[in-house]
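The values are calculated or read from the model by the stated rules, or taken from the named source; none is laboratory data. The structure displayed is predicted, hence computed values, not measured ones. Glycine gets a Cβ as well: all are built from the backbone with ideal geometry, and neighbour counts include every protein chain shown.
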Amino acid sequence: MQTTQPTRRVVARRPAPRSTEDARAVELAQLQRRFRASYMILEKNDKAMSVKIEITPSDPDFPYELEALSLHIHIPAEYPAVRCSIQVTNPEISRGFARNLEKGFEQHQAAQSNHRTLVQEMAWLDNNMETLLQEPPAPTIRFVSNTVSKEPPATMAPPPPAAVEKTSPPAKHYALEEIQDAKVKREAEIRKLKAQFRNELSDISRDSMTTVLLIKLPLDANCLFKEELGGTINIEMEIPAHYPMNPCRIKIVNAVNLATWRAQSVEQGFANRSFVSPATLFQQLNWLNTNLNTLLDVPAPSNPSVIKTQVPTAHTSPPTTHHVQSSGVQHSLDESLRKDKKIYVERPLDPVPKAETPPLKINGDDHGSDEASQQESDDDEISIKMASTSVSATPQQVRSGTEIRFPDIRLENVALLRCARMFLMVKCNRCHNTVEVENIVPDQAAVDSASNGSEKHQRWLPCPTCSSLIGALFKGNYLHNNSITLGLLQLASCTPFDLLPSTYIATCTNCMEPHIPIKLTVHDQPKSTVCRNCHSKMSIGIPNSQFVRIGSGTGSKELRADPAVLQLKKKKQPMQELGLVVGQPLPHQGACEHYRKSRRWFRFSCCNRIHPCDRCHDEKEDHKAELAKMHVCGYCSREFTSSKSICACGQEPGKYHAGTFWEGGEGTRNKKIMSRKDKHKYSGSPFKTASKKQQRVGEAGKMATKNKSKQEADKST
C-alpha cells in the first residue's frame, strides 16, 4: 500500500503595515479627517504639497478674539525625513505675532527626538497658541516706496496732516556735578529695576545718549483690558542720559489688539506724570500699573486720523510754528495738573414731556469780556448750568427704562462712585429663563440724554434656551451722598432679575483721585480699601439694590440693532415683576427638579448668584458650589442668613418633617400618617380596645375560676 506524504505548508511573511509603506499619505489622511471642514489642497506636485486648515482654539478661556487660526502647511515629498513648515495667514494677526507662532512651531519640531504625526503637531500648536501669542512680536522689516508724484491728480484730496508730531527741545547744559550725581542715581535705579524684574526685563539698546529697556509688566487682577493686552503689558522705557533731570518715556509694544489712541493716552499720561512728579523708575511703573485702567478708559477722539502727542518738556523756550504746543499751553498744562481738581456732577434728569411751546434760545457768543468771565464765581456757573438744563434748544424726550438704585448705600470717605463693568442676570421674556449678561460697559456720555447712545456700548446675545436675541444698554451715573441712582438700564426682550458682582471705581474725598477698579457685591459686608494717592481709608457698603421702572416701557425701543439680526416682537408682552419681589412666593415655592420638597433658594458665596440647589448651580456654572450663607424664602422671597431658621413671614423654609413619629411634638402630628408603633397614634381614641385584666386577677378572678369549675362538674354529672 502506497502512503502519501503530507503536503508541507509554505510559511508566508506578514504583510507590512500601511503606515510603514507610506507614512506621509497616512498622516495626510488623518489630517484631512481631523480638519474636514477647513481642509483644502492648495498646491500638489512631485516636490511638495501645501494644504490649508483652520484650528479653532479649544481652550474655553482663550483670551484673544480669534475665531480660528488659519494655516498653510508645507509638506515636502521626503516627509517625515524632512520636517514640514507652517505659515499663519490670518489678516487680523500682525506679522510679528504670526512669526512667533511659526518660529515656536519650528523650535518645537527641532526639540522633538521622536516622530510625531501631523495631527499631534497641530494639537500641540492648539495647546500652546496662547503662550506663543503672549511673547513680544518678532522684529519685521517693511519696505515703503519713496517715489511721490510731483503733481497729484485733480480729484485727489490734499494730504492729511502728520499723524504724530513730536517736539525736539534744544539741549540744555548742566553742571558737571549735576551730571555726575544724575549718572549715579540713574545707574542705581536701573540696577534696582533689573533686580525687581529679573526675568521680565531685557536691554534693547544702550549708548551714551539713552538706554532702552523692554519690560514685561504684569497686569493687575482688576485690569479691564486683559483681552486686548493679554497677561502682561510690554513697554519700552527710554531713559535719557541725564535722568532724573530729564524725564523718561515709554512706548507700548504689544498694542496690536489695542486702539492707537488708547496706547497714546497711556504714553502721554506717563510722560505728564514723570515730568510733574519726580519719582524713581520703579515708583513710576507702580503708578502706571495702578492707573492703567484710568489711562486706557478714555473716549475715542472725534478725528482719529489726526492724533497729536503732547510731550512735556523741562524748558520754556518758545518753539517754532511747527510744534504742537507752545510754552503757554505747557504752562497751563502744568498748572492744571498741580491745582485742585473740580468735578461737576450733573443732576439726573427727571422724565420731562415734550415742550409744546417754542423753546427759548440762550446766546452765549459774547466774546468781548473773556477775562471778566473767567473770574466769575462758581454760583454764577451753577446758575447758568441750571438755566441751560431747564431751557434747552430742543425738546427732550421722556427717559424710559429701569433705574438701578442703592437706597441704603454707605460711602465713607468716598466722594463719587461709578460702575466700570456691570454683570447682570436677566430673565428672558420668551422662555422665562435667566441669562447672564457680562461685561456691560456703561455709556457715560448718554447719562443725561434720551438717545440710544453709542452702539459699541450695547450688548446683544442670544438666549441659550430659546435663541431669542437679548439686548442691554447701561447709561451710567455717579453715586454720592445725595444720589442713590447707579444709572439707567435699557433692555430688549428681557427684564432684570439680579445684579451680580460688578466692577466699580471710587473717587477719594481727600485728594479727588480715582481709585483702581474694585469688585463690589450687593448683600455683602462693607468693603474697605486704601487710596493709592493719599492713603486714606475708604469704605463702601451696598446692603441691597432696587430695580425701578421709569417711563412706560423697558427702553427697548431706544436700542437699535441690525434689523436682519434683531426681530422685535409685535405683540405686547405682559409686564413681569423685576427680580425677587418681597411678599410673593418663588416659582414652585422654591422647589426644583432635584429637590421637589425644597422651599428655599440659595445665594452661593463662590459666585454670589442665586440657584435653587447645589446641583442646579453645578449644571449652570463652571465651578463647584461652595457653602451658601444666604437663603431666599420660598414663601415670601425674603433673603436671610443661614444662621436664622425662621423667616420674617413666620415660615421655616429650611425645616421639613418627613418622619412618621411624634418626636416630642417636633415631628408629625397627623395620626393618619403616624406610625402604628408610636403610642400617640391611638391615644384618646374612642375605639380603643378596653383591657380585661381586672376580670382575670384578684377576687373577681377567683370567683370566675370557681364558677368555671362548678360548670364543668355539673356537665360531667
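Scanning segment 680-712 for residues that are closer than 30 Å to residue 655 by Cα, out of contact with any Phe, Trp or Tyr (no Cβ under 8 Å at 6 or more places or on another chain) and not in a loop (DSSP other than H, G, I, E, B) returns a single hit, 681.
Answer yes or no as to whether residue 395 is of a type outside the set (A, V, I, L, M), exposed (fewer than 14 other Cβ atoms within 10 Å of the Cβ), modelled with pLDDT under 90 and not in a strand (DSSP E or B). So that I can check it myself, show each step before the final result.
Working: of a type outside the set (A, V, I, L, M): yes; exposed (fewer than 14 other Cβ atoms within 10 Å of the Cβ): yes; modelled with pLDDT under 90: yes; not in a strand (DSSP E or B): yes.
Judged against the criteria, residue 395 is a match.
Among residues that are modelled with pLDDT of 80 or more, over 24 Å from the mean Cα position of the chain (by Cα), part of a loop (DSSP other than H, G, I, E, B) and of a type outside the set (Asp, Glu), residue 272 is not included. The condition of being modelled with pLDDT of 90 or more and either among the acidic types (Asp, Glu) or on the phi < 0 side of the Ramachandran plot (or both) holds for only one of 469, 424, that being 424. Pairing residues of segment 422-443 that are over 17 Å from residue 474 (Cβ atoms) with residues that are in a loop (DSSP other than H, G, I, E, B), at Cβ distances under 6 Å and at least 6 apart in sequence or on separate chains, gives 428/463; 429/493; 429/573; 430/466; 430/468; 431/465; 431/466; 433/465. Pairing residues of segment 202-229 that are over 21 Å from residue 504 (Cα atoms) with residues that are acidic (Asp, Glu), at Cβ distances under 7 Å and at least 6 apart in sequence or on separate chains, gives 204/236; 210/238; 212/236; 212/238; 213/203; 214/236; 215/200; 216/200. The number of residues in segment 591-647 that are aromatic (Phe, Trp, Tyr) and assigned to a strand (DSSP E or B) comes to 4. The set of residues in segment 230-250 that are within 15 Å of residue 296 (Cα to Cα) and either assigned to a helix (DSSP H, G or I) or at pLDDT 85 or above (or both) contains only 250. Go through segment 46-99 and count every residue that is more than 19 Å from residue 117 (Cβ to Cβ), of a type outside the set (A, V, I, L, M) and under 33 Å from the mean Cα position of the chain (by Cα). Final tally of qualifying residues: 21.
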